[in-house]
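All remarks here apply to the structure that follows.
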Amino acid sequence: MRLYFFSPLITNTEIAENVKTIINSLRSAGVFVVASSDENNTDFKKEDLERMNETGEILLDKMDGIIVEASKPDQEIGYLLAYAISQKKPLLYLYQKGTPEKVAQGYLTKKNTPQSVSMKGYTKSDLVESLLNWVATQGISRQEKPNIKFTLRITPQIERYLNWKSKKRKLAKADFLRELIEEIIKKDEEFKG
């Protein structure tokens with residue numbers, strides 16, 4: 001799962017700590033995070049970002065969802081909401097409980113919120129739980145689309161086996177190999193840690 005996390009420039013220490021908690025919790029859960037708060041705070045490799053910049057690719061197109069920390073108003077939030085709604089990408093609109101309602105809801109009210117957008121007020125104690133519950137309900141981590149090309153040179157014997165096994169399982173060779181690797185990942189306790 002790839003998520004874009006946006007937070008405006010925050011001077012409030014408590015909210016700034018919550019932003020760090022959000023990023024760290026997502027990464028601990030195995031989520032690929034790109035954060036707006038720091039251009040170095042991305043899981044993309046520098047070369048990938050340079051390539052996207054050169055080819056004109058849009059970073060948000062590569063994301064499975066968007067999370068916005070909206071406790072402080074920012075013009076970028078409106079753009080991200082419009083983008084997420086138009087692209088039908090899930091968006092979590094977070095705001096700290098106790099934030100004035102006009103600021104917290106800013107661009108949304110519960111009546112006009114599209115189905116792909118979730119609004120959630122949080123406290124420091126329930127922030128991580130709320131965040132991870134939303135990630136789990138999206139289900140996009142299990143439906144991750146393969147988009148990274150990988151060249152693998154194999155022997156003729158391996159190719160014969162892959163042809164035989166993929167026909168028997170009625171799967172493409174690449175899908176068969178992906179399934180095998182996913183099974184290995186599930187069993188690898190060291191990787192999970």
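Tell me which residues come under 5 Å, amide H to amide H, from Ile67 once H is placed; ignore anything under 5 positions away on its chain.
Close amide H contacts, sequence-distant or interchain: Tyr4, Phe5, Phe6, Leu92.
Ranking request for peptides 88-95, 77-84, 114-121: highest mean number of other beta-carbon atoms within 10 Å first, then the rest in descending order.
In descending order of packing, they fall as 88-95, 77-84, 114-121.
Along the Cα→Cβ direction, 7 angstrom out, place labels at Asp48 and Leu132. What is the inter-label distance in nm?
Placing both labels 7 Å beyond Cα along the Cβ direction yields 2.4 nm.
For the range 154-166, just list the computed ³J(HN,Hα) in residue order, Karplus coefficients 6.51, -1.76 and 1.60, θ = phi - 60°, integers in Hz, with x standing in for Gly and Pro.
After applying 6.51 cos²θ - 1.76 cosθ + 1.60, I find 10, 7, x, 5, 5, 4, 4, 4, 4, 4, 4, 5, 5 Hz.
Given points 7 Å out from each Cα along the Cα-Cβ axis, report the Lys168 to Asp61 separation in nanometres with one decimal.
Taking the simple label geometry, Lys168 and Asp61 are separated by 4.1 nm.
Throughout, read-outs are computed from the coordinates displayed, never taken from laboratory work. Nothing here was measured: the structure is a model prediction, and the numbers come from that model. Note that we place each Cβ from the backbone using ideal geometry, even for glycine, and neighbour counts take in every protein chain shown.
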